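Trainee: Once you've had a glance at the structure underneath, I'll fire off some questions.
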Amino acid sequence: MLQITDRLRDLKVNIDSNSDFPWSDVKEVADCALFKTTGKYLSDIEIKVLQGSWNQKTYDEMAIDYGYSAEYLNKDVGNKLWHKLSQALGEKVTKKNFQAALRRIWEKQDNFIATGVKEDLLVTPQIKQIPFPESSVAPNSDFYIKRNNVENLCYETIIKPGSLIRIKAPKLMGKTSLTNRIIAYTNNQNYHTVYLDLSSIERKILTDLDKFLRWLCCMVSRQLKLENQLNDYWDTEILGSNDNCTVYFEEYLLTEIDTPIVLVLDNIDKIFSYTEIIEDFFGMLRSWHEKGKIYDIWQKLRLVLAHSTEVYVPLDINQSPFNAGVPVELLKFDKQQVKTLVDIHGLNWNQTQIEQLMKLAGGHPFLIRLAMYEVSFKNLNLEELLHEASTEAGIYSNHLRGYLEVLQKCPKLAQAFKLVVDSPEPVELDSIQIYKLHSMGLVKTLDNCVIPSCNLYREYFQRVLV
């Protein structure tokens, strides 16, 4: 207790002597308060919004810095963050007053000690170091598990002129974590990197090819710290949208930047349903990759595409970027990789316990890490966790319901998956059904047949699919 009091006194002195509430303390208070009420720490994007707000930046300025739309940062991240902080702090918290609200909580050190919040923050740092597995893993994190030379393949590819990497895996398999590693590597090579998450684009932009490509050029310009010159290069009277976008890259962006540019497009499957843009857009990306084989200026552009599902729209084989470049498919963790995670979490599990978890979760990174987090942080019994896993009381209930909602919207696909989970033998389905279920991560293929990708999915969907 004396150590805690000394720590609080030091921080209190820091506040009294410095009118600027330090960012490290801001994040510490917010993290602690949210965890006390929700059981979760700040996500990566919430940290960005909180720090940007702390630096008195507008959402428009944050959008430039982080590569997201201002509307997404405001409505989808900011509003929810202020609401959660309001509940955690017991007062109305907004972008304008959160600094004062957090400062007041911090200064109430006696109350923090009495309620145990500050003790959680200061006495158990080993727990705080185990992040909740809800977002991507930082490149330098101990929790990043290498994927059997996949990283080296990406590093070797991205330094080649005009290269294209296609990363495909179901959701929560580590695509964004891998792209973060690629970005970190290329930054070390002094390349310019641009990361765009296509899941954050407003729908009104995705229904108009010209608006979408202008958005692309604008976001790339901003991340490269270049002025917006669209009005000088966009010729709507003579050129089409694809040609205008290509000219903007060739005559402006690639010319202004001396070093290679790595353009990472994450979650591109989010735009697959927008038929107004995808055929022309993907055809343009393919043409850029082909130009990189011929023209020096285009060899400076390196593309990384990450997606969860197959492309079900008809694309000309010569225009699609999905049959070019280097394909990278992220597989599930093997026993050795799971054992590495066990050690990182500080769990004293034997081989039988590891095999029991893998039998349930099938080596799925998120499912594996969530189980280890729950056991580590909440001191749960592994056997009890496994017993309740496929029930509504289990730790995977939200994850499973998300898949159920998707299947309920596709009755024929749900019916096909019902056959799979009910059968003790591999089931033969039509190719489109196999593609869709495999892309979702629900099945694994055996020749022309499929089986559930793990027992968790078999047990849950046997019960809920009628």
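Trainee: Apply the Kirkwood formula to the range 150-329: the hydrodynamic radius equals the inverse of the mean of 1/r over all pairs of different alpha-carbon atoms; give it in Å with one decimal.
Mentor: 16.4 Å
Trainee: Follow-up question, since we're still on this one. Express as a percent, rounded to the nearest 5, the fraction of DSSP beta bridges in the chain (both residues included) that run antiparallel.
Mentor: 25 percent
Trainee: Filter the trypsin sites (Lys or Arg not before Pro) in the range 203-272 down to the DSSP loop ones having no more than 14 other Cβ atoms within 10 Å, then list what survives.
Mentor: The qualifying sites are Lys225.
Trainee: Distance between Cα centroids, the range 44-99 to the range 149-224: provide it in whole Å.
Mentor: Distance between centres, Cα-based: 24 Å.
Trainee: Right, something else. Could you tell me which GluC sites (Glu not before Pro) in the range 317-386 are loop residues by DSSP with no more than 11 other beta carbons within 10 angstrom of their beta carbon? Don't skip to the answer; put the middle values down first.
Mentor: On the way: sites: Glu329, Glu355, Glu374, Glu383, Glu384; in loops: none.
Answer by residue number: there is no such site.
Trainee: Please give, to one decimal in nm, the separation of the simple spin-label points placed at Ala100 and Gln356, each 7 Å out from Cα toward the Cβ.
Mentor: Simple spin-label model gives 5.4 nm for this pair.
Trainee: Moving on. Starting from the coordinates of the alpha-carbon atoms of the range 335-388, obtain the Kirkwood hydrodynamic radius over all distinct pairs and give the value in Å to one decimal. Write down the numbers at each step before the final one.
Mentor: Working: mean 1/r = 0.0919 Å⁻¹.
It works out to 10.9 Å.
Trainee: Moving on. Find how much the distance from Leu230 to Asn152 grows on full extension, using 0.36 nm per residue of separation minus their present alpha carbon separation; answer in nm with one decimal.
Mentor: Length gained, Leu230 through Asn152: 24.4 nm.
Trainee: Kindly provide the helix-only [θ] at 222 nm of the chain, computed as the sum of -39,500 (n - 2.57) over DSSP H runs of four or more divided by all residues, to the nearest 500 deg cm²/dmol?
Mentor: Value at 222 nm, helices only: -15500 deg cm²/dmol.
Trainee: Starting from one equal scatterer on each C-alpha and no solvent at all, send me the Debye-based log10 I(q)/I(0) for the chain at q = 0.10, 0.11, 0.12 Å⁻¹, two decimals.
Mentor: -0.89, -1.06, -1.22
Trainee: Binning at 10 Å from 0, report for the range 398-464 what percent of all alpha-carbon pair distances ends up in each bin.
Mentor: Going from the shortest bin to the longest, the percentages are 23, 63, 15, 0.
Trainee: Can you tell me which of 398-404, 358-364, 78-84 comes out highest on packing, and rank the rest after it, using the mean Cβ neighbours within 10 Å?
Mentor: Highest to lowest by the protection proxy: 358-364, 78-84, 398-404.
Bear in mind that the values in this text are calculations on the coordinates, not laboratory data. As the structure is a computational prediction, the values presented were derived from the model and not from experiment. Neighbour counts are summed over all protein chains in view; Cβ atoms, including those assigned to glycine, are modelled from backbone coordinates with ideal geometry.
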